[in-house]
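Data block below; observations after.
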Amino acid sequence: MSKIRMNTEYRNKLYNRIKDVFEKEDTQERQSFLEARENFNESQKNTFELARQVVERSYPTEDVATLRKFKKKYGDPCDVVAKDKCFYFAHNEDVDEDGEKTETQSHFDFGLFGNLNGNENYSSSEDSQHFAHAYYREELKAKGLNPDIIAQQNGKDDNPHKTKHIDANNKFLGKSGNSNYYHSDNDNNIGMSKDFNAPFYLDVIGTSHCRSRAIACTKDEYNIFLAWRTAKANVVSKHQTWIDSITKQTDQLKIGLKAYRYLSEGIELASELGIKLDEAELVRTNSTGLTIYNPSNLASMIKGMKNKNQTREDKIKARLQYEKQSVN
């Protein structure tokens, strides 16, 4: 038999199959990312409990209950209790060069798209979106989305390709179009974002957003909040390192596949990488992996093309049958 010449279709198949293996390999970089995510989960849980204690010291639950009674009795003039998931925490245990006490404060947001640097104005923060995509990476991948887009585009200018994937990820996660809202009453997030945020709201007293109130804590407590935020940022850092390692490999893979003239050379490359691929199977399948040249499958597909008067229901039924046969 003559050798099968390489073409764009085969290159894409080989590239996607090998890249998929790269992503599933249990490398040090991947393990570090998974561990960072687990460490964040533990830190989020413990640190929020500390936040609850600190917030309730400033806004005792009995005071919150009383004010809610007044609101029920007197209406809007007493509407001063709200739920928040972000807080300014502050301590004054440090001193300046003159020995005077100084206040140290920062913004801490327990939401999925919360900031990673203490900056309250995070609505367009790439780091906060990077965290959310990395945190729900498996769920995004399962939907055919690209949770690694920000890491892959690291250092590059914004472009339509990047924006398209980021917007698709945010939409799937249920991110609100306006992330400047902090109170639960104004939280327009839905789906996974809303579910993630739901356990992390606390009652606060005040009529303004969190920027107008700094909640007192000790320096030790403040440092725990900083450590939690570092754990969140570490998820992004470890994800970036892992994706960088994959990108380096796939860049070389693209160069090699582009130079090959025959499909057998790509199969040999995969074999050398410890990846078993079957040439005949690659030839039989299209880019989505469906077997289209099986006689029965191909005949069914062609027959379906002939009937131009099919109803929508008939077309759906025919397509489902075709996919079922392809899998079998």
Subject >> Test result for A65, surrounded by 11 or more Cβ atoms within 10 Å (Cβ to Cβ) and either touching a strand residue (DSSP E or B) at 6+ places or on another chain (Cβ under 7 Å) or outside any helix (DSSP H, G or I) (or both) >> reply: no
Subject >> Hits in the stretch 79-116 (condition: part of a loop (DSSP other than H, G, I, E, B), under 25 Å from T241 (Cα atoms) and either touching a residue at least 24 places away in the same chain (Cβ under 8 Å) or outside the structural domain of F200 (by TED's automatic domain parsing) (or both)) >> reply: F110, G111, L112, F113, G114, L116
**OP:** Specify which of the listed residues (S264, S245, S193) is part of a helix (DSSP H, G or I), modelled with pLDDT under 95 and either under 14 Å from G111 (Cα atoms) or of a type outside the set (A, V, I, L, M, F, W, C) (or both).
**Re:** S264
**OP:** Might you let me know whether the stretch 9-23 holds any residue that is out of contact with any Ser or Thr (no Cβ under 9 Å at 6 or more places or on another chain) and either more than 28 Å from L263 (Cα to Cα) or among the small types (G, A, S) (or both)?
**Re:** no
**OP:** Say whether the condition of being in contact with a strand residue (DSSP E or B) (Cβ under 9 Å, 6 or more places away or on another chain) and of a type in the set (S, T, Y) is met by at least one residue in the stretch 47-54.
**Re:** yes
Original post:
Could you count how many residues in the stretch 212-234 are in a loop (DSSP other than H, G, I, E, B), modelled with pLDDT of 95 or more and either surrounded by fewer than 19 Cβ atoms within 10 Å (Cβ to Cβ) or among the charged types (D, E, K, R) (or both)?
Top reply: 1
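The values are calculated or read from the model by the stated rules, or taken from the named source; none is laboratory data. The structure presented is a predicted model; accordingly, all values stated were derived computationally and were not measured. Using ideal geometry, Cβ is built from the backbone for each residue, glycine included, and neighbour counts are taken over all protein chains shown.
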